Amino acid sequence: MSKTYEQINEKIRRGEAVVLTAEEVSRMALTMSPEEIADRVDVVTTATFGAMCSSGAFVNFGHADPPIRMERIELNGVSVSGGLAAVDTYIGATDCDSANPEYGGGHIIEDLVAGKDILLEAWGKGTDCYPRRHIRTYVNIDTLNEAYLYNPRNAYQNYNVAVNSSERTIHTYMGKLYPRSGNASYSTAGELSPLINDPECRTIGLGTHIFLGGGDGYVMWNGTQFDTSKEVNAYGIPVGNARTIAVAGELRGMSTDFLRGVYYEKYGCSLYVGIGVPIPILDADLARRVSIRNDQIETNVVDYGDGNKVIGRTNYAELRSGSITVGGRRIRTVPVSSLAKAREIAAILKSRIETGGFLLSEPVRAMPAFGAVKRLEERSVPFGGRTEVLFGAHREKDLSDF
């Protein structure tokens, strides 16, 4: 039996839709076939809550009198983009003040959602149409014209497990990794994770209506580093980091329960984002997909202390058990995302759909069928008649006198 979006939405409007979380349908699949599930279930809710560094918000401050073209902008001392039109900016989640590295763009976004005043200071060169050169004032969510979250890369389909075989503690976006493989850090929500429940993105595309940061949001595009080239396991799940989504939503409807600024020691700032994606059960194939269990979702174990070398493979049931075996030894596992929050989001989204407050939207454009991540090529760069070779952030010679 096949269903359409409109048929499911009509059941939602009448309060008759059968909605389960991804964990609930996984348990149902132990005793029911995909065909039976497709016949009984209309929507499955998925969710994740974790640090998503490629996130941020566009805001518009409005014009002062006299007006200023803001070319350098600081919010609570944090430099944000001055590269947009006169009074627009983009607050990147990882923007930070080097003098106060524990507070950054993610915290500004959280503070805006919380209704706090934010100190705005901006400078411009002064032009005939924008004569002002400096402004210092307070703004908040109510004084802004527009304020919306726009995240270029969220909700990784899967992600590696991180360990560290070196002799020293290292600090990463996967948290603190202790020496001699003292811990294994992981981030994906397993069987609750949105893109794992629809691995080929049959129902997730441009225009998909989602739960975002506590409010309404939409999938805007495939996310950056969207990758379909990863190895797929026997259950159709990519092993390691694969597809991503770009998402957007109005900040004013969001909550600090599901948008939280965070600082990782010796790494930097980020933003914890809560995302919930409803999967319409259009047919038995989608019912089979959403029935995936933690023990069927595999990912690579990567040694961040040895050049990101793949040293093993595990699954989410083992990760959730508290330890995994790599190279014949047991390693303690530590999540850097919140399963409790993911469950809360999936339950909230389920309730919104059941009570008619959240309708599904059919994508207006599918995700790309193919995508592979390119590496940045390092080449010799001519400089002042000489040639230097750039290695990451370090140069072969000191160019501070140029």
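The values are calculated or read from the model by the stated rules, or taken from the named source; none is laboratory data. Nothing here was measured: the structure is a model prediction, and the numbers come from that model. No Cβ is skipped: glycine too gets one built from the backbone with ideal geometry, and neighbour counts run over all protein chains shown.
Residues to consider are V80, V43, V59; find the one that is among the hydrophobic types (A, V, I, L, M, F, W, C), touching a helix residue (DSSP H, G or I) at 6+ places or on another chain (Cβ under 8 Å) and within 28 Å of P335 (Cβ to Cβ).
Working: V80 fails: within 28 Å of P335 (Cβ to Cβ); V59 fails: within 28 Å of P335 (Cβ to Cβ).
Every option except V43 fails the conditions.
For the list (1) in contact with a Pro (Cβ under 7 Å, 6 or more places away or on another chain); (2) surrounded by fewer than 17 Cβ atoms within 10 Å (Cβ to Cβ), I need the number of the one condition that N140 fails.
(1)
Mind checking whether some residue in region 112-125 is assigned to a strand (DSSP E or B) and farther than 16 Å from V80 by Cβ?
No, that holds for no residue.
Residues checked against (1) free of Cβ contacts under 8 Å to residues at least 40 places away in the same chain; (2) among the aliphatic types (A, V, I, L, M); (3) closer than 20 Å to Y173 by Cα:
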residue: G56; (1), (2), (3): no, no, yes
residue: F61; (1), (2), (3): no, no, no
residue: P66; (1), (2), (3): no, no, no
residue: E74; (1), (2), (3): no, no, no
residue: S81; (1), (2), (3): yes, no, no
residue: L84; (1), (2), (3): yes, yes, no
residue: D88; (1), (2), (3): yes, no, no
residue: C96; (1), (2), (3): no, no, yes
residue: A99; (1), (2), (3): yes, yes, no
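Starting from region 33-46, keep only residues that are without any contact (Cβ under 8 Å) to a residue 40 or more places away in the chain, then list their pairs with residues that are among the aromatic types (F, W, Y) and buried (at least 22 other Cβ atoms within 10 Å of the Cβ) whose Cβ atoms are within a distance under 9 Å, requiring at least 6 positions of separation or different chains.
Nothing qualifies.
Name every residue in region 332-387 that is β-branched (V, I, T) and either more than 20 Å from the chain's Cα centre (by Cα) or under 20 Å from E24 (Cα atoms) (or both), in order of residue number. Walk me through how you get there before you give the answer.
So in region 332-387, the residues β-branched (V, I, T) come out as 333-334, 336, 345, 348, 353, 355, 364, 373, 381, 387.
Hits for region 332-387 are T333, I345, I348, I353, T355, V364, V381, T387.
Suppose we filter G104, G62, G124, G83 for residues that are surrounded by fewer than 14 Cβ atoms within 10 Å (Cβ to Cβ), more than 30 Å from G205 (Cβ to Cβ) and not polar (S, T, N, Q); which single one remains?
Testing whether each residue is surrounded by fewer than 14 Cβ atoms within 10 Å (Cβ to Cβ), more than 30 Å from G205 (Cβ to Cβ) and not polar (S, T, N, Q) leaves just G62.
Residues that are at pLDDT below 95, at least 1 per element: which helices (runs of 4 or more DSSP H) completely within region 2-109 meet that?
none
Of all the strands (runs of 3 or more DSSP E) wholly in region 154-224, which have at least 2 residues that are of a type in the set (F, W, Y) and out of contact with any helix residue (DSSP H, G or I) (no Cβ under 9 Å at 6 or more places or on another chain)? Spell out the reasoning first.
Working: elements: 161-163, 170-172, 175-177, 184-186, 209-212, 215-222.
The strands (runs of 3 or more DSSP E) meeting that bar are 215-222.
Here is a check on your reading of the model: is L271 within 30 Å of E146 (Cβ to Cβ) and under 20 Å from the mean Cα position of the chain (by Cα)?
Judged against the criteria, L271 is a match.
State all residues of region 13-32 that are under 28 Å from the mean Cα position of the chain (by Cα) and in contact (Cβ under 8 Å) with a residue 40 or more places away in the chain; if no residue qualifies, say none.
Listed by number, the residues that qualify are V19, L20, T21, A22, E23, V25, S26.
Please specify each residue of region 107-121 satisfying the condition of being closer than 12 Å to V78 by Cα, surrounded by fewer than 18 Cβ atoms within 10 Å (Cβ to Cβ) and among the aliphatic types (A, V, I, L, M).
L119
Here are the criteria: (1) within 19 Å of the chain's Cα centre (by Cα); (2) over 21 Å from F49 (Cα atoms). Tell me which single one H134 does not satisfy.
Failed condition: (1).
Restricting the first residue to region 362-388 and requiring it to be aromatic (F, W, Y), which pairs with a second residue that is at pLDDT below 90 and not in a strand (DSSP E or B) meet a Cβ separation below 8 Å and a spacing of at least six or different chains?
Close Cβ pairs satisfying both conditions: F383/L399; F383/F402.
Among residues belonging to region 234-259 that are more than 12 Å from the chain's Cα centre (by Cα) and assigned to a strand (DSSP E or B), point out the one that is surrounded by the fewest Cβ atoms within 10 Å (Cβ to Cβ).
Within region 234-259, the match that is surrounded by the fewest Cβ atoms within 10 Å (Cβ to Cβ) is E250.
Out of all the residues in region 82-121, which are of a type outside the set (D, E), out of contact with any Gly (no Cβ under 8 Å at 6 or more places or on another chain) and under 16 Å from Y138 (Cα atoms)?
Residues satisfying the conditions are L112, A114, G115, K116, I118, L120.
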